[in-house]
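Novice: The structure follows.
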Amino acid sequence: MSGKWKVAVLGATGLVGQRFLQLLENHPWFEVSALAASEQSAGKLYRDAANWLLDTPLPERFADLPVRHARPEEVEADFAFSALDSAIAGPIELAFARAGLPVVSNASAHRMDADVPLLLADVNPEHVALLPEQRRLRGFSSGFLVTNPNCSTAGLVTALKPLDAAFGVEAVSVVTLQAASGAGHPGVASMDLLDNVIPFISGEEEKLESEPRKILGQLLDAAIEPAPFTVSAQVNRVPVLDGHLESVSVKLRGKATAADLAQALSEYVSEPQRAALPTAPPRPIVVRPESNRPQTRLDRLASGGMAVVVGRIRPCPILDFRFSLLSHNTIRGAAGAAILNAEWLVKSKFLLPGARSGAKG
Ligand code: NAP
């Protein structure tokens, strides 16, 4: 081994799994040691199992790796990233954690479990402090579960964080325009989505209304007290490939001007920026002054897809202020967020090299 952490990617053949491989190809700390997916892919070479869809070539070093079953005994790694289908992720992720392997997951299965951090490392880094209690409650030795939020929540909650800290958020109304890749592959049939907008995504509004309250909640005695604001969400699937655009209105507890909001958003930095973690964007939020930005195609790759782009900050005649935000759903909203979470877990010493070898399971 090269001195890097060995990482498994569970669900490696899916859209988020592919994004993990793209982002991990030259990662300075993490080296992909195992790929796993469903029964239909296990036993094949990755190049034959995956329908590679990203616009950079499939990295050669992964193409000839065998795809394994998503079982801890088949995977040699220090920890695992999970991009498993949420419908089946819950018990598989638990089996890995019980076997001593930390799981840094994208799937929704454990996001709202009281003892599982719902983490965006540059929004609520302090929530990793839930992990000792999680290990105690679940009897894990070296394993644990950490999740990142739903792809739409990731953008929204990043913008809400500095606003809540500076002015107090009381209520939020959000309307989303979500990319096709948010549904995975093959996702929504092209005949359903081309030349169309679909005003429904199963379970998405519920996630947008609950996850931000946990993420911006307060850590009290090894539990999270949800933040005391309400969110009303309306979601739409639109025919763009990547990038979720969101129209947000907020009611604030304190007084502010639009310029105050722009300053709070653009100056925001957190622990990953202070620690200069490899995947941390220089600033989590980029504020654009133009009247017609952010735009999905032009802005989704800001800071390599890890920055949330905010624009059109202006007064709202019903709530206090409104703005548009854009975030890349498979980078900031999925694989990139999980990789930054893992970097923060290393920095905060919850991920330790070689920990699994000491695990009792
Ligand atoms: P996807 O393209 O449908 O990929 C799902 C992955 O799960 C595939 O690798 C698939 O393997 C694997 N899988 C399915 N059933 C399995 C089983 N029984 N055992 C082991 N592996 C199994 O989905 P995705 O968009 O990449 O999303 C992956 C996860 O991330 C989901 O939980 C999703 O909710 C979450 N997420 C997605 C986004 C996004 O923007 N797409 C954003 C945030 C979070 P096979 O190829 O072998 O079937």
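The values are calculated or read from the model by the stated rules, or taken from the named source; none is laboratory data. The shown structure was predicted, so the numbers you read here are calculated from the model rather than taken from an experiment. Don't worry about glycine lacking a Cβ; one is built from the backbone with ideal geometry, like all the others, and counts go over all protein chains shown. Each accessible area value is taken on the protein alone, full model and side chains, heavy atoms only, with ligands, DNA and RNA left out. Shrake-Rupley method; radii C 1.70, N 1.55, O 1.52, S 1.80 Å.
Novice: Under 13 Å from the Cβ of I215, count the other residues' Cβ atoms, weight Lys and Arg +1, Asp and Glu -1, and hand me the total. Before the final figure, lay out the partial values.
Specialist: On the way: positive: R111, K161, K207, R213, K214; negative: D122, E126, D164, E209, E211, E225.
In short, -1.
Novice: I need the phi-derived Karplus couplings for segment 91-108: 6.51 cos²θ - 1.76 cosθ + 1.60, θ = phi - 60°, integer Hz, Gly and Pro marked x.
Specialist: Karplus-based 3J(HN,Hα) across segment 91-108 equals x, 5, 5, 4, 4, 5, 4, 5, 7, x, 10, x, 10, 10, 10, 9, 6, 7 Hz.
Novice: So what is the diffusion coefficient of segment 33-80 in µm² per second by Stokes-Einstein at 25 °C and 0.890 mPa s, using a Kirkwood Rh over Cα pairs?
Specialist: For the chosen part, D equals 218 µm²/s.
Novice: Determine, for each peptide in 7-16, 94-103, the mean count of other beta carbons within 10 angstrom over its residues, then list the peptides with the highest first.
Specialist: Going by the mean number of other Cβ atoms within 10 Å, highest first, we get 7-16, 94-103.
Novice: Just the Kirkwood number for segment 82-221, please: inverse of mean 1/r across all distinct Cα pairs, in Å, one decimal.
Specialist: Result for segment 82-221, one decimal place: 16.5 Å.
Novice: Still on this model: Return the sequence-ordered ³J(HN,Hα) values of segment 45-52 in whole Hz as given by the Karplus equation 6.51 cos²θ - 1.76 cosθ + 1.60 applied to θ = phi - 60°, using x for Gly and Pro.
Specialist: Ordered by residue, 3J(HN,Hα) equals 6, 4, 4, 8, 7, 9, 8, 5 Hz.
Novice: What is the sum of charges around N236, taking Lys and Arg as +1, Asp and Glu as -1, for the other residues whose C-beta is under 14 Å from the C-beta of N236?
Specialist: -3
Novice: Output the peptides 314-327, 182-195 sorted from most to least packed, where packing is the average of other Cβ atoms within 10 Å over each peptide's residues.
Specialist: 314-327, 182-195
Novice: With springs only between Cα atoms under 10 Å apart, run a GNM on the chain and tell me which of I313, I285, I339 wobbles the most.
Specialist: The residue with the greatest mean-square fluctuation here is I313.
Novice: Related question: Take the alpha carbon atoms of segment 285-353, find their center, do the same for segment 80-129, and report the distance between the two centers in whole angstrom.
Specialist: 21 Å
Novice: I would also like to ask the following. Given the options G203, F20, V346, identify the residue whose Cα lies farthest towards the positive end of the charge dipole of the chain (+1 on Cβ of Lys, Arg; -1 on Cβ of Asp, Glu).
Specialist: Checked the options; the winner is V346.
Novice: Compare the peptides 227-237, 105-115, 152-162 by average per-residue count of other Cβ atoms within 10 angstrom and give them in order, highest first.
Specialist: Details: 227-237: 17.8, 105-115: 21.1, 152-162: 26.8.
The peptides rank, most packed first, as 152-162, 105-115, 227-237.
Novice: Tell me, what % of the accessible area of segment 1-157 is carbon and sulfur with a 1.4 angstrom probe?
Specialist: With neighbouring chains kept in place, the figure for segment 1-157 is 51 percent.
Novice: Take the eigenvalues of the Cα gyration tensor for segment 206-300, scale each by 5, and report the square roots as semi-axes in whole Å, largest first.
Specialist: Taking √(5λ) for each eigenvalue gives 24, 20, 18 Å, largest first.
Novice: Please give the net charge around V175, taking every other residue with its beta carbon less than 14 angstrom from that of V175, where Lys and Arg add +1 and Asp and Glu add -1.
Specialist: Net charge around V175: -1.
Novice: Provide Rg over Rh for segment 43-125; use the alpha carbon set for both Rg and the Kirkwood Rh (inverse mean inverse pair distance).
Specialist: 1.01
Novice: Over all directions, how big on average is the projection of the convex hull of the alpha-carbon atoms in segment 151-328, in square nanometres?
Specialist: Hull-based average projected area comes out at 11.1 nm².
Novice: Then there's this: Taking H placed 1.01 Å from N in the peptide plane, check which residues at least 5 places from I285 or on another chain put their amide H under 5 Å from its amide H.
Specialist: V308
Novice: Could you calculate, for the chain, the ratio of the Cα radius of gyration to the Kirkwood radius, expressed as Rg to Rh?
Specialist: We get a ratio of 0.96 for the chain.
Novice: Oh, and also: Taking a probe of 1.4 Å, how large is the accessible area per residue of segment 151-328, in Å²?
Specialist: Values: 8110 Å² over 178 residues.
Per-residue accessible area for segment 151-328 comes out at 46 Å².
Novice: Then there's this: Using +1 on the beta carbon of Lys and Arg, -1 on that of Asp and Glu, and nothing else charged, what's the dipole of the chain about the Cα centre, debye to 20?
Specialist: 520 debye
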